[in-house]
Structure formats: C-alpha cells, structure tokens
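Worksheet: the structure to be examined is printed underneath.
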Amino acid sequence: MVLTPEMQQVGVTSQLLTACHRFNCPQCGKEFSMFQSRAIACRGCPSANKDCKFVRCPHCDSHFPIDGTLVNSKEKGHFMSNYMNSIVNNYYNSFGKVEKR
C-alpha cells in the first residue's frame, strides 16, 4: 500500500501502514496484522511491551521474528517493535486496561 498525500495529511505514517498490513502466519497460514498480534496474542506477556522482537500469531500462538516477516532489517524491526509498544501502552494507559491475557 502506498502512502498518499491525503493519508499523510490526516496523520497516517508508513509505520502505521506496516503495523496494519495483514500477512499470513508461516505456521498456520491464517491472516493477521501486527496490531492483532500485540493487542491480542501478546497481551499479558511480560516481554510484549518491552522491545520484544517477535510477532505472535493470534490463531495458533506460534511466534517468529518481526524482521524478515514484516520488515527487511533488524533496525526496522527494532523500530517497529518500539512503535507498537508505544501504541499498545498508550491504549492501556488511556483506557485503564490491564495487560493480561
């Protein structure tokens, strides 16, 4: 998906597009996004909001590295991990959610 000027104008970033991108789990083949992974499958994991370098499938519970799956380098994987951590933490703080499975 291409980031258009209209998308940029309303605050959409390339990181948000990456986090929303749906892909197939290499283990079970079912489709999910990194948002689903962090908000659902990783909820309650002590490493989920602490620079975790993995994505967990909400369907089969298998996990695999962010880099190589969603992004093509370790640096981008580290950045995406921090980006998702900040979004999920902001959600929990804003709505008083508890980080438990």
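The values are calculated or read from the model by the stated rules, or taken from the named source; none is laboratory data. All values reported here derive from a predicted model rather than from experimental measurement. Cβ sites come from the backbone with ideal geometry, for glycine too, and all protein chains shown count toward neighbours.
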Quiz item: Based on what the data block shows, is residue 76 surrounded by 12 or more Cβ atoms within 10 Å (Cβ to Cβ) and under 18 Å from residue 13 (Cα atoms)?
Solution: yes
Quiz prompt | Output for the range 1-57, where each listed residue is free of Cβ contacts under 8 Å to residues at least 24 places away in the same chain and among the aromatic types (Phe, Trp, Tyr) | solution = 54
Exercise. Could you identify the single residue in 2, 10 that is modelled with pLDDT of 80 or more and either surrounded by 12 or more Cβ atoms within 10 Å (Cβ to Cβ) or farther than 16 Å from residue 88 by Cα (or both)?
Key: 10
Practice problem: Please tell me if residue 47 is closer than 17 Å to residue 82 by Cα and more than 12 Å from the chain's Cα centre (by Cα). | Solution: yes
